[in-house]
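Here the structure comes first, spelled out in structure tokens, and everything after it is commentary.
The values are calculated or read from the model by the stated rules, or taken from the named source; none is laboratory data. Remember, predicted model here, so these are calculated numbers, not experimental data. Remember, those area values only see protein heavy atoms, side chains included, never the ligands or the DNA or RNA. Shrake-Rupley method; radii C 1.70, N 1.55, O 1.52, S 1.80 Å.
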Amino acid sequence: MENTNKLEKFFMSEGAFAVFMALICSGVFAGTSIFIQYHTGSFSTTSVTVMLSEALTTGSFAAVIGYTGGFLLARVLEGPLVGILDIGGAIMTGVGAGLPGLLLSMGYTSLVENFILSLLTGAIIGVVLAAVILGIRKLMPGGYSSMGTDIMVGAGNIVGEWFGPIILIMAAKFDIWTGLGAMLGAVLCHTKKSPIIGGAILGAMIVGYIAFLLGFTTLGIGA
Amino acid sequence: MLDLVIKSIIVGGLAGAGAAGGAARMFHAPGIQGMGAFRTLGEMNACNGDPIAHFSYGLGFLFSSAGSVVGTGSLSSDVLHRIVPQWSAGLTIAATKDKTASNNPFKMMISGAVVGAAVVTFLNTLAGLIPSTMATIAEKIVSPAAELILSPILPVAFWISALGAGKWHGVFATVFGVLAQSIMGNATPGCVLGILVGQSVQDEGFTSKRSILMIGFVAVMFLLIAYFRGKF
């Protein structure tokens, strides 16, 4: 009991932030290693993962690095100011896609592609980022401005709103059955007041698959 | 397959432990540094210590993440933003029968390792086992949609936000956006940087240390990227 209390106290301390950063960055960075090997398991958001896939096939990482680097910088500067580091922009996108892209483009491929090395690389990145963030917290006087984060959150919300309807259009463009399925799923989600994107994707897949099995459509494959 | 399962358990356990522990620390921010997102904090508060609410909220996102992982190989940001924090909170509260246990970073870290390992392994192998027809459907629908998002919707969204935010945001987003489009092939990073620099110039003026540093950083970054892409 005594030991548990000590542990609980330690993980409430300022410095323990570095432990959590090492854990999450190690996992997310190595997740990208799995992604390169198996094409599954990337922790980055869907659109950034698509960017990373593109970069891996074309060998041109500039767009990924540029996009994710800006976000990583902004989030690391913002995190210590508000007390909450946004793991979406900083870790999933920055550490999960930007930094692997950077290392790959510089030729340090084994740091990313070797699973054990990728775990270590990720942990080191986590500790370094934690040191920067805790350092800024020590130096920063109060009342720093918001880095325009609210504006970017606004843009993120716009994109989030567009994603659902675009899935619906794409589903209907691909096949009438996937379109109907997406429609059904989106309507169900919307009436339950949850985002329509999950329902649209799953609906298109389930109804499209059933229609394919029943022979209503060939889906353009195996006809 | 075994290789993928073992790696998924390791990666999921590590990332889950960090995300859940960091999420618990959000309840104590800004006194100590937490991590997650403001929306995650709000959503955890909305479930208000009820394990069933925490579990069902996360479950909704498990399905959409399954769609994403099949379509693109991305677990989607919902795994660490929503499923792991919510299910870890549910598990911690159910195990300790203490409604405030989700605020304890140590307990949440342990639950997070279990939840993360299970969810990541499930998603990674489920995607591999799903019928190829299913994967084709996801690919033909989700991938073109994600491409459209990448360009032009993403840059346009940032551009509109920048133009609406103020004079300097709009000016810098437009300058950097056009440069980014021609140098990097996508205007988004330019628009993001434009918002950051614009905010700095609006808050502190052109000659402040921060504005000069940021403009210098952007200039160096553009030059480096142009060099690596063989633009000169």
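Within chain A, the selection of entire DSSP H helices by a Cα span of 24 Å or greater along the long axis and an average Kyte-Doolittle value of at least 0.5 returns A:17-38, A:62-82, A:115-139, A:149-174, A:196-213.
Based on the Kirkwood approach, the hydrodynamic radius assigned to the stretch B:94-225 is 18.6 Å, with every pair of different Cα atoms included.
Taking each full run of DSSP H in chain B as one helix, which ones are at least 18 Å long along their axis (Cα atoms) and have mean Kyte-Doolittle hydropathy of at least 1.6?
TM-like helix candidates: B:209-228.
Put simply, the protein assembly as shown fits an ellipsoid with semi-axes of 32, 29, 21 Å; these come from the alpha carbon gyration tensor as the roots of five times its eigenvalues, largest first.
3J(HN,Hα) couplings calculated from phi for the stretch A:83-97 with the Karplus curve 6.51 cos²θ - 1.76 cosθ + 1.60 (θ = phi - 60°) are, in sequence order, x, 10, 7, 6, 6, x, x, 6, 9, 4, 7, x, 7, x, 10 Hz; Gly and Pro show x. Rolling a 1.4 Å probe over the protein heavy atoms of chain B, with every protein chain left in place, gives an accessible area that is 70 percent carbon and sulfur.
Leaving ligands and nucleic acids out of the surface, order B:H28, B:H54 by accessible area at 1.4 Å, largest first.
The ordering from most to least exposed comes out as B:H28, B:H54.
Cross-link check: pairs A:K138/B:K97; A:K6/B:K97; A:K6/B:K99; A:K9/A:K192; A:K193/B:K7 evaluated at a Cα-Cα cut-off of 31 Å; pairs beyond the cut-off: A:K138/B:K97; A:K9/A:K192; A:K193/B:K7.
The residues B:L163, B:L80, sorted by heavy-atom accessible surface at 1.4 Å with ligands and nucleic acids left out, run B:L163, B:L80 from largest to smallest. In the stretch A:162-216, the inverse of the mean reciprocal separation of distinct Cα atoms equals 10.5 Å; this is its Kirkwood hydrodynamic radius. Hey, in the GNM for chain A with a 10 angstrom Cα cutoff, which one of A:I84, A:I136, A:I201 fluctuates hardest? Most flexible of the set in this elastic network: A:I201. Solvent-accessible area assigned to carbon and sulfur over the stretch A:1-106 amounts to 63 percent, based on a 1.4 Å probe. For the residues B:I212, B:I137, B:I110, a GNM of chain B with alpha-carbon springs under 10 Å puts the largest fluctuation on B:I212. The residues of the stretch A:162-216 present an accessible area of 55 Å² per residue when probed at 1.4 Å with all protein chains retained.
I'd like the residues of the stretch B:33-60 whose 1.4 Å-probe accessible area shrinks by no less than 40 Å² going from the isolated chain to the full set of protein chains. Buried on complex formation: B:Q33, B:M35, B:G36, B:F38.
Only protein chains counted, 1.4 angstrom probe. Which residues of the stretch A:15-30 are at least 50 Å² less accessible in the assembly than when their chain is isolated? The answer is A:F17, A:F20, A:L23, A:I24. Based on DSSP H segments of at least four residues, each scored -39500 (n - 2.57), chain A has a per-residue ellipticity at 222 nm of -24500 deg cm²/dmol.
Taking the empirical scaling 2.2 N^0.38 Å for compact globular proteins as reference, the stretch B:149-228 has a Cα radius of gyration ratio of 1.04. Pick from A:F35, A:F17, A:F174 the residue whose mean-square fluctuation is largest in a GNM of chain A, springs joining Cα atoms under 10 Å. With Cα springs under 10 Å in chain A, the top fluctuation among A:F35, A:F17, A:F174 is at A:F174.
With the gyration tensor restricted to C-alpha atoms of chain A, the semi-axes of the equivalent ellipsoid amount to 38, 22, 19 Å, longest first. Treating each Cα of chain B as one equal point scatterer and applying the Debye formula with no solvent, the log10 of I(q)/I(0) at q = 0.11, 0.12 Å⁻¹ comes out as -0.78, -0.89. Put simply, the amide H of A:L85, placed in the peptide plane, has neighbours under 5 Å in B:G34, B:M35, B:G36, leaving out anything fewer than 5 places away on its chain.
D for the stretch B:2-130, whole µm²/s, Stokes-Einstein with Kirkwood Rh over alpha-carbon pairs at 25 °C and 0.890 mPa s: what number?
Calculated translational D: 172 µm²/s.
To the nearest 10, the accessible area of B:R39 is 110 Å² with a 1.4 Å probe.
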